[in-house]
Structures are given as structure tokens and as C-alpha cells.
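Worksheet: the structure to be examined is printed underneath.
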Amino acid sequence: MEHKIRCEVVKISEGKTCKVGMQLGDIFAVGPLTPAPKPICSAAFLSLYALGNPMRFADRTKFEDSQGNQDVVCPDGTVTFRLSRKNEKDKPER
């Protein structure tokens with residue numbers, strides 16, 4: 001089974017600004033294509049894809065917390081993303 005992966009911006013480091021304008025609360029999907037509709041820098045995408053892609057094809061990975069979430073910090077330390085499997089009742093991505 002292939003899962004859909006939800007990605008949410010859960011933290012912006014104090015005093016920093018994301019180069020491409022990610023904002024706290026932004027939500028998008030991580031899958032075989034780059035996230036839409038908002039752009040993401042290649043360094044952050046590579047970090048998200050490396051951990052989010054295994055979540056698409058497994059019911060559990062060793063990096064997830066007890067609730068099935070994984071936090072990923074972009075390489076420059078500005079943005080923290082939370083990856084989780086989408087539930088049918090989740091709101092559509094913005």
C-alpha cells in the first residue's frame with residue numbers, strides 16, 4: 001500500500017527567515033513529484049524526500065515518534081517540517 005505523506009511547517013527558528021518564504025502552518029504533500037503549490041528549496045526537499053519516501057511505502061519506520069510523526073529540520077536550520085501519513089479526514093493541502 002502506498003501512503004500519502006503530509007508535511008507541515010511546525011517551526012521557524014527565531015530570528016531567521018526561510019529563503020523561499022515557508023511560513024508556520026504551511027501544509028503540502030511529499031510524493032513522487034515536488035510539493036505543490038508552494039516552492040521549496042532543493043536542500044530542504046532532499047531532506048524531506050529522504051525520510052518521507054520510506055513512509056510512503058511502509059506502515060512504520062524506525063525514525064517516527066510514537067504518533068507516527070517525523071520532524072525534519074532543513075539543512076540551514078531555519079525550518080522544521082513534520083511528516084505524517086495523511087488520514088482521509090485531513091484537510092486538503094494549501
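Between 0 and 90 degrees, rounded to the nearest ten: what's the tilt of helix 42-57 against the longest Cα principal axis of the chain? Helix 42-57 and the main axis of the chain meet at about 10 degrees.
Per-residue Cβ neighbour counts within 10 Å put 82, 6, 60 in the sequence 60, 82, 6, beginning with the fewest.
Calculate the dipole size of the chain relative to its Cα centre from +1 charges on Lys and Arg beta carbons and -1 charges on Asp and Glu beta carbons; express the result in debye to the nearest 20. Roughly 140 debye for the chain.
Given springs between every Cα pair under 10 Å in a Gaussian network model of the chain, which of 42, 66, 13 has the largest fluctuation? With Cα springs under 10 Å in the chain, the top fluctuation among 42, 66, 13 is at 66. Entry note, the chain: the mean residue ellipticity at 222 nm calculated from DSSP H runs of n ≥ 4, each adding -39500 (n - 2.57), is -5500 deg cm²/dmol after division by the residues and rounding to the nearest 500. Here the residues 10, 20, ranked from fewest to most Cβ neighbours within 10 Å of their Cβ, fall in the order 20, 10. If you count Lys pairs in the chain whose Cα atoms are under 13 Å apart, skipping same-chain pairs closer than 8 places in sequence, the total is 4.
Labels on offer are (i) 156; (ii) 89; (iii) 97, and the one holding volume of the Cα convex hull per residue in Å³ computed from this structure is (iii).
As a length-normalised measure over Cα pairs under 8 Å and 6 or more apart, the relative contact order of the chain settles at 40 percent. Loop-located GluC sites (Glu not before Pro) in the range 1-90 (DSSP state not H, G, I, E or B) with no more than 14 neighbouring Cβ atoms inside 10 Å: 2, 14, 88.
No lab work stands behind these numbers, since they all come straight from the coordinates. Note that the coordinates shown come from a computational prediction; the quantities given were computed from them, not determined experimentally. Because the Cβ atoms are built from the backbone with ideal geometry, glycine has one as well, and the counts that use them run over all protein chains shown.
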